[in-house]
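Data block below; observations after.
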Amino acid sequence: MSATPGSPPGRPATAVGGPHAWPVWPRVQLGKRARITLTDPGSPPDTLGRDLVSELFALGLQVRDEGPGDGDATLELALKGHARFLVGQVDLGSKRGLQAIARGMAYVLDHVVLDRARKAAEGMAARATGLGSSPEPERTEMVSMPLTLAQADIERVAERVRDGAHVVLIDEAGERAAVLVSWGWYARQEQRLAGAQAAYWRAWRSGCFDTTGYAAELLASGMHPAGPPEPTTHAGAAPLMGTGDGDDVD
């Protein structure tokens, strides 16, 4: 019985209770001689540790199934021997169990790749800034005002937005309803996002994610880490304070 880690999965599904957000502890019970292996063509199979198997199984149960995986995937999971894939006292069976482990593994690998790319981009940005080749990003003035006030003096608000300010509109309930930004700023963000998406897919051209190339393209598009945001303030008022939500089987 085998399964193949598929395409990048979605976010973990929301559930309640337990260290894995389950009301019961998902676990894999492997027979004394049983093992789960991960095989990459051309390399000997690697045996996954028993604790790791249970952790990936529990994680995979929380990740949404995004449908058929990538047909070009090369890694293969295989079960040798007998095992039970349990949620409480219910055995999901080897097929569904291995599929859950594959989803968990794909989720972990996907986030490791993105985390490495982020760290590489931050490191390259820090070095570029140290050499003086990358200017400090301009700070954006951000203010908030009641929606009714903005409507009453829309020309003055529009002028402030054209000058580069971001205006947060507050509704009658005191909630942030919208943000007004200049068209030039909005267009630049759309261009940067498109560039980052294109860079992500170009980084997969060889079949392996090119972390360094991806980070370099992000820097070239201006997607380097910026400084902390300026405090948000009401027009003519004090700074606006945010509220935080704040055992073996024989």
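The values are calculated or read from the model by the stated rules, or taken from the named source; none is laboratory data. What you see is a predicted model; the values in this text were computed from it and never measured. Every residue, glycine among them, receives a Cβ derived from its backbone with ideal geometry; neighbour counts consider all protein chains shown.
Let's see how each residue does on (1) under 25 Å from Leu219 (Cβ atoms); (2) modelled with pLDDT of 65 or more:
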{"position": "Lys95", "(1), (2)": "no, yes"}
{"position": "His111", "(1), (2)": "yes, yes"}
{"position": "Ala117", "(1), (2)": "yes, no"}
{"position": "Met124", "(1), (2)": "yes, no"}
{"position": "Arg127", "(1), (2)": "yes, no"}
{"position": "Met145", "(1), (2)": "no, yes"}
{"position": "Ala152", "(1), (2)": "no, yes"}
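On the basis of being at pLDDT 75 or above, among the β-branched types (Val, Ile, Thr) and over 27 Å from Tyr214 (Cα atoms), does Val90 make the cut? Answer is yes for this residue.
Does region 83-98 hold any residues that are over 15 Å from Arg50 (Cα atoms) and of a type in the set (Lys, Arg), and which are they? Lys95, Arg96 - these are the residues of region 83-98 that are over 15 Å from Arg50 (Cα atoms) and of a type in the set (Lys, Arg). Looking across region 182-206, the residues that are out of contact with any helix residue (DSSP H, G or I) (no Cβ under 9 Å at 6 or more places or on another chain), of a type in the set (A, V, I, L, M) and under 17 Å from Ala216 (Cα atoms) come down to Leu193, Ala194.
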